[in-house]
Amino acid sequence: MPPGESILPSPYIQLVSALGGAILAATWLSLILWTVRDIRARSDDRLTQILAVTAVSLLTVPGLLLYLLLRPARTLEEAYQSSLEEEALIASLAGRLTCPGCGRQVEHDWRICPACSTVLRKPCTDCGRMLDLTWNVCPYCATATAAKETEPPTDA
Ligand SMILES: [Zn+2]
Ligand SMILES: [Zn+2]
(Lines give C-alpha, C1' and ligand atoms only; values in the text may rest on other atoms or scores of the structure.)
(Ligands and ions follow the chains in the order given, each with its own letter.)
Protein backbone atom coordinates (compact mmCIF):
# COMPACT_ATOMS: atom_id res chain seq x y z
CA MET A 1 0.00 0.00 0.00
CA PRO A 2 1.63 3.33 -1.11
CA PRO A 3 1.92 5.96 1.62
CA GLY A 4 -0.28 8.44 -0.29
CA GLU A 5 -3.36 6.26 -0.02
CA SER A 6 -3.57 6.64 3.74
CA ILE A 7 -4.98 10.17 3.20
CA LEU A 8 -7.21 9.17 0.30
CA PRO A 9 -9.49 12.13 -0.51
CA SER A 10 -13.15 11.40 0.09
CA PRO A 11 -15.76 12.68 -2.46
CA TYR A 12 -16.52 15.53 -0.04
CA ILE A 13 -12.90 16.73 -0.06
CA GLN A 14 -12.84 16.43 -3.85
CA LEU A 15 -15.94 18.63 -4.10
CA VAL A 16 -14.45 21.24 -1.78
CA SER A 17 -11.17 21.33 -3.72
CA ALA A 18 -13.05 21.58 -7.03
CA LEU A 19 -15.07 24.51 -5.67
CA GLY A 20 -11.92 26.10 -4.31
CA GLY A 21 -10.23 25.67 -7.68
CA ALA A 22 -13.21 27.24 -9.46
CA ILE A 23 -13.20 30.21 -7.08
CA LEU A 24 -9.46 30.66 -7.54
CA ALA A 25 -9.86 30.50 -11.33
CA ALA A 26 -12.69 33.05 -11.22
CA THR A 27 -10.63 35.36 -9.00
CA TRP A 28 -7.68 34.96 -11.34
CA LEU A 29 -9.84 35.85 -14.35
CA SER A 30 -11.31 38.87 -12.55
CA LEU A 31 -7.82 40.09 -11.68
CA ILE A 32 -6.84 39.85 -15.35
CA LEU A 33 -10.03 41.54 -16.58
CA TRP A 34 -9.62 44.33 -14.02
CA THR A 35 -6.02 44.83 -15.12
CA VAL A 36 -7.03 44.96 -18.79
CA ARG A 37 -9.60 47.66 -18.07
CA ASP A 38 -7.32 49.61 -15.77
CA ILE A 39 -4.28 49.64 -18.05
CA ARG A 40 -6.43 50.62 -21.05
CA ALA A 41 -7.60 53.70 -19.15
CA ARG A 42 -4.02 54.58 -18.25
CA SER A 43 -1.96 53.82 -21.32
CA ASP A 44 -2.38 53.78 -25.09
CA ASP A 45 0.85 51.85 -25.51
CA ARG A 46 0.18 48.30 -26.72
CA LEU A 47 3.41 46.90 -25.23
CA THR A 48 2.67 48.38 -21.80
CA GLN A 49 -0.81 46.87 -21.90
CA ILE A 50 0.51 43.42 -22.86
CA LEU A 51 3.25 43.51 -20.21
CA ALA A 52 0.80 44.50 -17.48
CA VAL A 53 -1.72 41.79 -18.36
CA THR A 54 1.00 39.16 -18.75
CA ALA A 55 2.52 40.03 -15.37
CA VAL A 56 -0.85 39.70 -13.62
CA SER A 57 -1.72 36.48 -15.52
CA LEU A 58 1.54 34.75 -14.65
CA LEU A 59 2.22 36.08 -11.16
CA THR A 60 -1.43 36.61 -10.06
CA VAL A 61 -1.55 38.52 -6.74
CA PRO A 62 2.19 39.43 -6.60
CA GLY A 63 1.88 40.45 -10.24
CA LEU A 64 -1.07 42.67 -9.38
CA LEU A 65 0.87 44.28 -6.51
CA LEU A 66 3.76 44.88 -8.89
CA TYR A 67 1.36 46.37 -11.43
CA LEU A 68 -0.19 48.67 -8.82
CA LEU A 69 3.31 49.93 -7.97
CA LEU A 70 4.44 50.45 -11.55
CA ARG A 71 1.28 51.52 -13.37
CA PRO A 72 0.94 55.11 -14.65
CA ALA A 73 -0.28 57.20 -11.73
CA ARG A 74 -2.95 59.01 -13.73
CA THR A 75 -5.54 57.82 -16.19
CA LEU A 76 -5.39 59.28 -19.69
CA GLU A 77 -8.41 61.44 -18.89
CA GLU A 78 -6.77 62.85 -15.76
CA ALA A 79 -3.50 63.40 -17.62
CA TYR A 80 -5.37 65.28 -20.35
CA GLN A 81 -7.19 67.48 -17.83
CA SER A 82 -4.04 68.35 -15.91
CA SER A 83 -2.13 69.06 -19.13
CA LEU A 84 -4.82 71.62 -19.98
CA GLU A 85 -4.49 73.14 -16.51
CA GLU A 86 -0.69 73.23 -16.77
CA GLU A 87 -0.94 74.82 -20.19
CA ALA A 88 -3.23 77.52 -18.82
CA LEU A 89 -0.97 78.08 -15.80
CA ILE A 90 2.19 78.36 -17.91
CA ALA A 91 0.40 80.69 -20.29
CA SER A 92 -0.80 82.95 -17.49
CA LEU A 93 2.69 82.99 -15.92
CA ALA A 94 4.14 84.02 -19.26
CA GLY A 95 1.56 86.81 -19.54
CA ARG A 96 -0.28 84.99 -22.31
CA LEU A 97 -4.03 84.98 -22.65
CA THR A 98 -6.12 81.89 -22.18
CA CYS A 99 -9.58 81.16 -23.50
CA PRO A 100 -12.23 81.59 -20.76
CA GLY A 101 -14.21 78.77 -22.37
CA CYS A 102 -11.67 75.96 -22.63
CA GLY A 103 -8.47 77.24 -20.98
CA ARG A 104 -6.32 76.86 -24.08
CA GLN A 105 -3.77 79.46 -24.99
CA VAL A 106 -5.00 82.16 -27.35
CA GLU A 107 -3.30 85.11 -29.00
CA HIS A 108 -4.01 88.73 -28.09
CA ASP A 109 -5.53 89.58 -31.46
CA TRP A 110 -7.71 86.50 -31.91
CA ARG A 111 -11.39 87.24 -32.33
CA ILE A 112 -12.67 83.77 -31.48
CA CYS A 113 -11.22 80.65 -29.83
CA PRO A 114 -10.41 78.13 -32.60
CA ALA A 115 -10.98 75.22 -30.23
CA CYS A 116 -14.32 76.02 -28.58
CA SER A 117 -15.62 79.03 -30.59
CA THR A 118 -15.84 81.28 -27.53
CA VAL A 119 -15.91 84.93 -28.66
CA LEU A 120 -12.72 86.49 -27.29
CA ARG A 121 -12.64 89.97 -28.84
CA LYS A 122 -14.73 92.30 -30.97
CA PRO A 123 -13.43 94.50 -33.76
CA CYS A 124 -13.68 98.28 -33.37
CA THR A 125 -16.50 99.55 -35.55
CA ASP A 126 -14.34 102.44 -36.66
CA CYS A 127 -10.69 101.38 -36.94
CA GLY A 128 -11.25 97.63 -36.97
CA ARG A 129 -8.66 96.77 -34.30
CA MET A 130 -9.44 93.97 -31.85
CA LEU A 131 -10.95 95.13 -28.57
CA ASP A 132 -11.59 93.43 -25.25
CA LEU A 133 -15.28 92.55 -24.85
CA THR A 134 -15.44 94.62 -21.64
CA TRP A 135 -14.11 97.82 -23.21
CA ASN A 136 -16.69 100.52 -23.93
CA VAL A 137 -14.34 102.78 -25.84
CA CYS A 138 -11.73 101.86 -28.44
CA PRO A 139 -8.32 102.78 -26.97
CA TYR A 140 -6.88 103.29 -30.47
CA CYS A 141 -9.36 105.72 -32.00
CA ALA A 142 -11.56 106.68 -28.99
CA THR A 143 -14.74 105.46 -30.65
CA ALA A 144 -17.44 104.22 -28.28
CA THR A 145 -17.72 100.54 -29.12
CA ALA A 146 -21.25 99.41 -28.26
CA ALA A 147 -23.18 102.69 -28.42
CA LYS A 148 -22.19 103.63 -31.94
CA GLU A 149 -24.46 101.22 -33.78
CA THR A 150 -27.66 102.21 -31.91
CA GLU A 151 -27.27 105.95 -31.25
CA PRO A 152 -24.93 108.62 -32.61
CA PRO A 153 -22.35 110.24 -30.25
CA THR A 154 -24.00 113.01 -28.18
CA ASP A 155 -21.03 115.40 -28.19
CA ALA A 156 -21.19 115.95 -31.98
ZN1 LIG B 1 -11.66 78.01 -26.15
ZN1 LIG C 1 -11.02 101.99 -32.98
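Counting only protein heavy atoms and a 1.4 Å probe, the chain has 73 square angstrom of accessible area per residue.
Rounded to the nearest 20 debye, the dipole size of the chain about its Cα centre is 320 debye, using +1 on the Cβ of Lys and Arg and -1 on the Cβ of Asp and Glu.
Under a Gaussian network description of the chain, with springs only between Cα atoms under 10 Å, the residue in Ile13, Ile23, Ile39 that fluctuates furthest is Ile13.
In segment 1-138, the portion of solvent-accessible area held by carbon and sulfur atoms comes to 65 percent [1.4 Å probe, whole percent, DNA, RNA and ligands not counted].
Under the criterion of Cα pairs below 8 Å and six or more residues apart, the relative contact order for the chain equals 9 percent.
Sorting Tyr67, Tyr12, Tyr140 by solvent-accessible area of protein heavy atoms yields Tyr12, Tyr140, Tyr67, largest first, with a 1.4 Å probe. Legend: calculated FRET efficiency, Arg37 to Ala115, from the Cβ-Cβ distance at R0 = 41 Å, rounded to 0.05, equals 0.85. The distance separating the Cα centre of segment 77-91 from that of segment 93-139 comes to 21 Å. Have a look at Ile90, Val36, Cys113 and report the one farthest towards the positive end of the charge dipole of the chain, computed about the Cα centre with Cβ charges (Lys/Arg +1, Asp/Glu -1). The residue sitting most towards the positive pole is Val36.
The values are calculated or read from the model by the stated rules, or taken from the named source; none is laboratory data. Here the structure is a predicted model, which is why all the values come from computation and not from measurement. Note that we place each Cβ from the backbone using ideal geometry, even for glycine, and neighbour counts take in every protein chain shown. We work out accessible area using only protein heavy atoms, side chains counted, and drop any ligands, DNA or RNA first. Shrake-Rupley method; radii C 1.70, N 1.55, O 1.52, S 1.80 Å.
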